[in-house]
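Undergrad: Quick one: this structure, given as structure tokens, is what I'll be asking you about.
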Amino acid sequence: MKKTVVEDCLILDINMMLRQNLIQNQSEWKSTFRIGIGSEINIKREPGCDIYRYGFIKLNYAVDNDPIEYIIPIDLTHTRTGKRIWWFLCPIQRNGIDTCLSMVKKLYLPPGGKYFGCRQCYDLSYESRQNWDRRKRKSSGKIL
């Protein structure tokens, strides 16, 4: 059975938000994204607080007329050269107890899903991996 692929998901991309100067701005902002006829995702950026040092985004949307509202924490790390790297912390609860909190650049909302989460939590694959023909690899004589 084929896995769900990221290409079929809605994607929240922190790098896209950085290019639009939304994340590094510590002030509050709001934005709305249309995701289909009569459907939209409202995103609100909240500045840092005691719990989440670098703040979070708050999502508000509906799935099958069921209102969904939750937060996605944002984190920041630095490279040895001083470059700043922004991350989402995955908000998905694993085994009903622990929150994943993996540091990721993209979060996905798969078809039929209710919450954005990381690729590992949803066991997502890529279209190119699904279509890879193992016979081609064997016949090519190349070591991969």
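The values are calculated or read from the model by the stated rules, or taken from the named source; none is laboratory data. For clarity, every value in this text was computed on a predicted model and none was experimentally measured. No Cβ is skipped: glycine too gets one built from the backbone with ideal geometry, and neighbour counts run over all protein chains shown.
Undergrad: Please state which of the following conditions Tyr108 fails to meet, knowing it meets all the rest: (1) assigned to a strand (DSSP E or B); (2) surrounded by fewer than 20 Cβ atoms within 10 Å (Cβ to Cβ); (3) of a type outside the set (Gly, Ala, Ser).
TA: It fails just one condition, (2).
Undergrad: For segment 1-29, give me the residue count where each residue is in a strand (DSSP E or B) and modelled with pLDDT under 75.
TA: The qualifying residues number 1.
Undergrad: When segment 84-101 is examined, which residues are found to be surrounded by fewer than 17 Cβ atoms within 10 Å (Cβ to Cβ) and in a loop (DSSP other than H, G, I, E, B)?
TA: Matches in segment 84-101: Asn95, Gly96, Ile97, Cys100, Leu101.
Undergrad: On to the next question. Under 9 Å between Cβ atoms, at least 6 apart or on separate chains: pull out the pairs that start in segment 113-136 with a residue that is at pLDDT below 70 and end on any residue that is assigned to a strand (DSSP E or B) and surrounded by 12 or more Cβ atoms within 10 Å (Cβ to Cβ).
TA: That search, which allows pairs on different chains as well, returns Gln130/Val5.
Conditions (1) among the small types (Gly, Ala, Ser); (2) farther than 18 Å from Asn42 by Cα; (3) in contact with a Ser or Thr (Cβ under 9 Å, 6 or more places away or on another chain), marked per residue:
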| position | (1), (2), (3) |
| --- | --- |
| Leu59 | no, no, no |
| Asp64 | no, no, no |
| Tyr70 | no, no, no |
| Ile74 | no, no, no |
| Thr79 | no, yes, no |
| Trp86 | no, yes, yes |
| Pro91 | no, no, yes |
| Leu107 | no, no, no |
| Lys114 | no, no, no |
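Undergrad: For segment 62-112, which residues satisfy the criterion of being among the basic types (Lys, Arg) and at pLDDT 90 or above?
TA: Within segment 62-112, Arg80, Lys83, Lys105, Lys106 meet the criteria.
Undergrad: Quickly run through segment 108-125 and pick out the residues that are within 12 Å of Val5 (Cα to Cα) and among the hydrophobic types (A, V, I, L, M, F, W, C).
TA: Leu109, Leu124
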